[in-house]
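The values are calculated or read from the model by the stated rules, or taken from the named source; none is laboratory data. All values reported here derive from a predicted model rather than from experimental measurement. Here Cβ is always computed from backbone atoms with ideal geometry, including for glycine, and neighbour counts include all displayed protein chains.
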Amino acid sequence: MTPIPESELILNQDGSIYHLSLHPEQVADTIITVGDPKRVSMVSNYFDRIDASVRKREFITHTGEIRGKRITVISTGIGPDNIDIALNELDALVNIDLKERTPKPNPVSLTFIRMGTSGSLHPDIPVDSLVVSAFGIGLDNVMEFYPWEPNPLEKQLEIQAQSLLETTHVRPYAVQASPMLLASLKRDETAGITLTCPGFYGPQGRTLRLQNPNADKMMRLLPSFRFEGIPLTNIEMETSAIYGLSRLLGHHAISFNAILANRVHRNFSPNPKRAVSKMIETVLERLF
């Protein structure tokens, strides 16, 4: 097998993967992704012990154990471009022999659990609540660069999303959460469709000094969208890229979002840290 060239699989001088600065033994099979680097310690405070703590750029990684099970939490930073880096490098750590630079014959399937923050698109999904993403609709272009093929259900959602968002001049794609993780981890919180955007302001319909000319129409139409009875619940910047790359690489992924803003009522959580802490406690309790 031809080795992967140095320009494609970049390693640091110590043999760690380029952006994350991690070695294979520093990654568990269950990985929690968070955007904010400060949220890593909020999660790892619940670990019984921390075996590895690595930081490079916005990527902070803690790996340890909870009740005898190994777990990793990593900050990805914001946006689908960072997700492209983080998921590809995490996959490489477990599924590529870094010394030989060749894929391993028996790929490992990882479990990715996003603990993110998001804005609600419905008046009845208030700030400080929790939403789990049954589907993601991506307005980013990450999956355009990979051999993405939606399943029949995703294709139906994709067609409807394209019709809904035709004035935005982007080509949305749709992707499901891992059915296994959704079945095992969802409880009574709202399961919805999450819209993943490539930016925080204009792409999400926010106006400061610049305005997205389609923002008013987009924000008026989004709350009424339904697919198979599932509402379009929230808007953020990572979920669809995590779902798409995970599927292509043979991993499982699910996304939980603490709702910090309600875009209909135009209010924001009075205590976002408490909302995030509650999400962390809720999800970890279900995992362990």
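Overview of values
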quantity	calculated
Residue match in region 99-112 (condition: at pLDDT 95 or above, of a type in the set (A, V, I, L, M, F, W, C) and farther than 27 Å from residue 260 by Cβ)	yes
Breaking point among (1) of a type in the set (Ser, Thr, Tyr); (2) modelled with pLDDT of 95 or more; (3) more than 21 Å from residue 262 (Cβ to Cβ); (4) surrounded by 14 or more Cβ atoms within 10 Å (Cβ to Cβ), for residue 168	(2)
Where residue 106 falls short, out of the listed (1) assigned to a strand (DSSP E or B); (2) farther than 17 Å from residue 244 by Cα	(1)
Hits in region 98-115 (condition: more than 18 Å from residue 249 (Cα to Cα) and within 14 Å of the chain's Cα centre (by Cα))	115
Candidate set: region 180-207, residues that are surrounded by fewer than 17 Cβ atoms within 10 Å (Cβ to Cβ) and touching a Gly at 6+ places or on another chain (Cβ under 9 Å); chosen: the one farthest from residue 159 (Cα to Cα)	200
Subset of region 231-285 that is charged (D, E, K, R), part of a loop (DSSP other than H, G, I, E, B) and under 22 Å from residue 220 (Cα atoms) - its residue that is nearest to the chain's Cα centre (by Cα)	263
Criterion: crowded, with 21+ Cβ neighbours inside 10 Å, in contact (Cβ under 8 Å) with a residue 24 or more places away in the chain and closer than 21 Å to residue 38 by Cα - qualifying residue of 125, 113, 85	113
Residue in region 82-97 that is over 20 Å from residue 249 (Cβ atoms), in a strand (DSSP E or B), out of contact with any Leu (no Cβ under 9 Å at 6 or more places or on another chain) and not assigned by TED's automatic domain parsing to the domain that holds residue 242 present	no
Test: residue in region 129-147 that is free of Cβ contacts under 8 Å to residues at least 12 places away in the same chain, surrounded by fewer than 22 Cβ atoms within 10 Å (Cβ to Cβ) and among the charged types (D, E, K, R)	no
Odd one out for residue 50, checked against (1) part of a strand (DSSP E or B); (2) of a type in the set (A, V, I, L, M); (3) surrounded by 16 or more Cβ atoms within 10 Å (Cβ to Cβ); (4) free of Cβ contacts under 8 Å to residues at least 40 places away in the same chain	(3)
